[in-house]
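To start, the structure itself, in structure tokens.
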Amino acid sequence: MPRYDLILFDMDDVLCHSDRRYRAAHLAQLTNTTADRVYAAIWGSGIDAAADAGKISTTTYLREVALQLGVPFSADQWLEARKASMTPNPEVLDLVAQVRKTHQVAVLTNNSELVGDNIDFLFPELRPLFGDLIFPSSVFGAAKPDTQCFLGCLSAIGMTPEQGIFIDDRAENVAGAQKAGMAGHVFSGHEGLVAYLQEQGVL
């Protein structure tokens with residue numbers, strides 16, 4: 001059985017539950033507009049994907065969203081709405097605490113540096129488990145499932161693809177990790193993840 005040294009976790013809908021619609025509604029209240037307009041401005045326009053891939057800066061991202069909405073828009077409002085839409089997944093966090101006793105653990109999330117720079121505000125439960133190994137995709141100039149994203153992350157950690165397992169709720173992202181040379185598991189719940197890690201000799 002292969003020996004793995006690194007277990008790399010996605011954040012949204014693995015380590016926490018994330019609700020885009022709730023986030024859009026919350027931000028709509030803060031900016032006095034509609035949830036549909038917010039959703040279109042952030043996810044329908046391609047701005048969010050560009051920020052996740054490191055193609056635009058945080059300043060440009062916030063400015064472009066404000067232009068799309070046609071209302072003033074701040075980083076603090078974005079962060080408040082982002083935090084409100086996230087609910088930690090205690091079962092998986094407890095599992096991480098168990099896994100980290102014997103393996104290196106890290107986070108790779110499709111997000112901008114706005115998330116990476118403010119992770120202690122958004123998701124304070126992560127730092128005690130992952131330390132500094134919490135990576136937004138933007139710092140690698142590519143987003144999952146691009147292999148560049150995974151290879152950049154592995155290089156930053158000091159691991160080879162063959163040493164790592166990647167856990168994500170999106171099958172296309174797991175396929176990207178596998179293309180990069182990692183093992184992977186499509187997350188659908190705590191019990192399935194425990195069974196997979198047991199099969200791989202991690203637990």
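The values are calculated or read from the model by the stated rules, or taken from the named source; none is laboratory data. Predicted model only: the values in this text are computed from it and were never measured. We place every Cβ from the backbone using ideal geometry, glycine too, and count neighbours over all the protein chains shown.
Going through region 55-105 one residue at a time, which ones are of a type in the set (S, T, N, Q), surrounded by 16 or more Cβ atoms within 10 Å (Cβ to Cβ) and in contact with a strand residue (DSSP E or B) (Cβ under 8 Å, 6 or more places away or on another chain)? Step through it out loud before you land on a result.
Filtering region 55-105 for residues of a type in the set (S, T, N, Q) gives 57-60, 68, 74, 77, 85, 87, 89, 98, 102, 104.
In the following step, the residues that additionally are surrounded by 16 or more Cβ atoms within 10 Å (Cβ to Cβ) were identified as 58, 68, 77, 85, 89, 104.
Across region 55-105, the qualifying residues are S85, N89, Q104.
How many of the residues making up region 35-49 are among the hydrophobic types (A, V, I, L, M, F, W, C) and either under 9 Å from S112 (Cα atoms) or under 15 Å from the mean Cα position of the chain (by Cα) (or both)?
Going through region 35-49, the residues among the hydrophobic types (A, V, I, L, M, F, W, C) turn out to be 35, 38, 40-43, 47, 49.
Subset that is either under 9 Å from S112 (Cα atoms) or under 15 Å from the mean Cα position of the chain (by Cα) (or both): 49.
The number of residues fulfilling the criteria is 1.
How about region 6-47: which of its residues are touching a residue at least 60 places away in the same chain (Cβ under 8 Å), touching a Ser or Thr at 6+ places or on another chain (Cβ under 8 Å) and either surrounded by 15 or more Cβ atoms within 10 Å (Cβ to Cβ) or among the charged types (D, E, K, R) (or both)? Walk me through how you get there before you give the answer.
Going residue by residue through region 6-47, those that are touching a residue at least 60 places away in the same chain (Cβ under 8 Å) are 6-20, 22-23.
Narrowing the set further to residues that are touching a Ser or Thr at 6+ places or on another chain (Cβ under 8 Å) leaves 10-12, 16-20, 22-23.
Across region 6-47, the qualifying residues are D10, M11, D12, C16, S18, D19, R20, Y22, R23.
Against the definition (touching a helix residue (DSSP H, G or I) at 6+ places or on another chain (Cβ under 7 Å) and buried (at least 17 other Cβ atoms within 10 Å of the Cβ)), how does A50 come out, yes or no? Write out each step before concluding.
Details: touching a helix residue (DSSP H, G or I) at 6+ places or on another chain (Cβ under 7 Å): no; buried (at least 17 other Cβ atoms within 10 Å of the Cβ): yes.
Judged against the criteria, A50 is not a match.
Within region 81-97, is there a residue that is hydrophobic (A, V, I, L, M, F, W, C) and at pLDDT below 90? So that I can check it myself, show each step before the final result.
Filtering region 81-97 for residues hydrophobic (A, V, I, L, M, F, W, C) gives 81, 84, 86, 92-93, 95-97.
Checking the rest, the ones that are also at pLDDT below 90 come to none.
Looking through region 81-97, none of the residues is hydrophobic (A, V, I, L, M, F, W, C) and at pLDDT below 90.
Can you tell me which residue is surrounded by the fewest Cβ atoms within 10 Å (Cβ to Cβ) among those in region 126-164 that are of a type in the set (A, V, I, L, M) and touching a strand residue (DSSP E or B) at 6+ places or on another chain (Cβ under 8 Å)? Before the answer, list the steps.
Residues of region 126-164 that are of a type in the set (A, V, I, L, M), as a first pass: 126, 129, 133-134, 139, 142-143, 151, 154, 156-157, 159.
Adding the requirement that they be touching a strand residue (DSSP E or B) at 6+ places or on another chain (Cβ under 8 Å) leaves 126, 129, 133-134, 154, 156-157, 159.
Numbers: L126: 22, L129: 19, L133: 17, I134: 20, L154: 25, A156: 15, I157: 18, M159: 18.
Taking the candidates together, the pick is A156.
Mind checking which residues of region 8-57 are under 30 Å from G164 (Cα atoms) and of a type outside the set (A, V, I, L, M, F, W, C)?
Quick first cut of region 8-57, residues under 30 Å from G164 (Cα atoms) only: 8-20, 48-57.
Answer for region 8-57, where residues must be under 30 Å from G164 (Cα atoms) and of a type outside the set (A, V, I, L, M, F, W, C): D10, D12, D13, H17, S18, D19, R20, D48, D52, G54, K55, S57.
Among (1) touching an Asp or Glu at 6+ places or on another chain (Cβ under 6 Å); (2) in a loop (DSSP other than H, G, I, E, B), there is one condition I42 misses while meeting the rest; what is its number?
Result: I42 fails condition (2) only.
Out of the residues in region 9-36 meeting the condition of being touching an Asp or Glu at 6+ places or on another chain (Cβ under 9 Å) and part of a strand (DSSP E or B), tell me which one is farthest from E80 (Cα to Cα).
F9
Quickly run through region 165-176 and pick out the residues that are hydrophobic (A, V, I, L, M, F, W, C) and surrounded by fewer than 17 Cβ atoms within 10 Å (Cβ to Cβ).
A171, A175
Report, by residue number, each residue of region 178-199 that is touching a residue at least 60 places away in the same chain (Cβ under 8 Å) and either crowded, with 16+ Cβ neighbours inside 10 Å or farther than 24 Å from N89 by Cα (or both). Before you say what the answer is, go through the steps one by one.
At the first step, the residues of region 178-199 found to be touching a residue at least 60 places away in the same chain (Cβ under 8 Å) are 182-183, 187, 190, 193-194, 197.
Residues satisfying the conditions are M182, A183, F187, L193, V194, L197.
Among the numbered conditions (1) farther than 14 Å from N111 by Cβ; (2) touching a residue at least 60 places away in the same chain (Cβ under 8 Å); (3) not assigned by TED's automatic domain parsing to the domain that holds N118, tell me where L69 comes up short.
(2)
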